[in-house]
Amino acid sequence: MKKWTRDTEINAPIEQVWKFLDGSLDNMQKIMPQVVEHKPVKITEEVVGSLYRQKYREGKRTEEYDIETLEYLNATNEKKLKSGLYTG
């Protein structure tokens with residue numbers, strides 16, 4: 001299985017950046033334009049464990065993946081969102 005990790009430091013207010021990760025397709029496409037659909041399948045109260053079905057354009061084809069929220073932190077001065085392919 002492929003796995004990648006990437007950290008990027010962004011010089012902007014944390015709330016301004018965090019809104020791109022709020023789950024809305026419009027905001028997500030601003031940073032990942034290849035995502036053409038992002039629909040909730042299962043939403044958990046604690047966010048971790050939530051599952052989304054995502055369609056992703058790869059060249060001329062569109063692939064469909066289930067994405068699971070693995071880690072989530074939404075504190076005032078620290079935010080973290082980690083997601084990955086759902087392995088069931």
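Do you know which residues across the stretch 14-24 are loosely packed, with under 14 Cβ neighbours inside 10 Å and within 17 Å of TYR56 (Cβ to Cβ)?
SER24
Which members of the stretch 10-66 meet the condition of being in a strand (DSSP E or B) and aliphatic (A, V, I, L, M)?
VAL35, VAL36, VAL41, LEU51
Looking for whichever is without any contact (Cβ under 8 Å) to a residue 40 or more places away in the chain, loosely packed, with under 12 Cβ neighbours inside 10 Å and not aromatic (Phe, Trp, Tyr) here; the options are LYS60, LYS55, LYS82. Which one fits?
Within the list LYS60, LYS55, LYS82, the selection yields LYS60.
Which numbered condition trips up GLY59, out of (1) over 11 Å from the mean Cα position of the chain (by Cα); (2) closer than 19 Å to PHE20 by Cα?
(2)
Give the residues of the stretch 63-75 that are open to solvent by less than 80 Å² (accessible area, probe 1.4 Å) and either within 13 Å of VAL35 (Cβ to Cβ) or hydroxyl-bearing (Ser, Thr, Tyr) (or both), sorted by residue number.
Within the stretch 63-75, GLU63, TYR65, ILE67, THR69 meet the criteria.
Which of the following residues is over 20 Å from LEU85 (Cβ atoms), more than 14 Å from the chain's Cα centre (by Cα) and in contact (Cβ under 8 Å) with a residue 60 or more places away in the chain: ILE10, ILE14?
ILE14 is the lone residue from the list that is over 20 Å from LEU85 (Cβ atoms), more than 14 Å from the chain's Cα centre (by Cα) and in contact (Cβ under 8 Å) with a residue 60 or more places away in the chain.
The values are calculated or read from the model by the stated rules, or taken from the named source; none is laboratory data. Model, not experiment: these values are computed from the prediction. Quick reminder, even Gly has a Cβ in these numbers, built from the backbone with ideal geometry, and neighbours come from all protein chains shown. Ligands, DNA and RNA are excluded from the accessible area calculation, which covers all protein heavy atoms including side chains. Shrake-Rupley method; radii C 1.70, N 1.55, O 1.52, S 1.80 Å.
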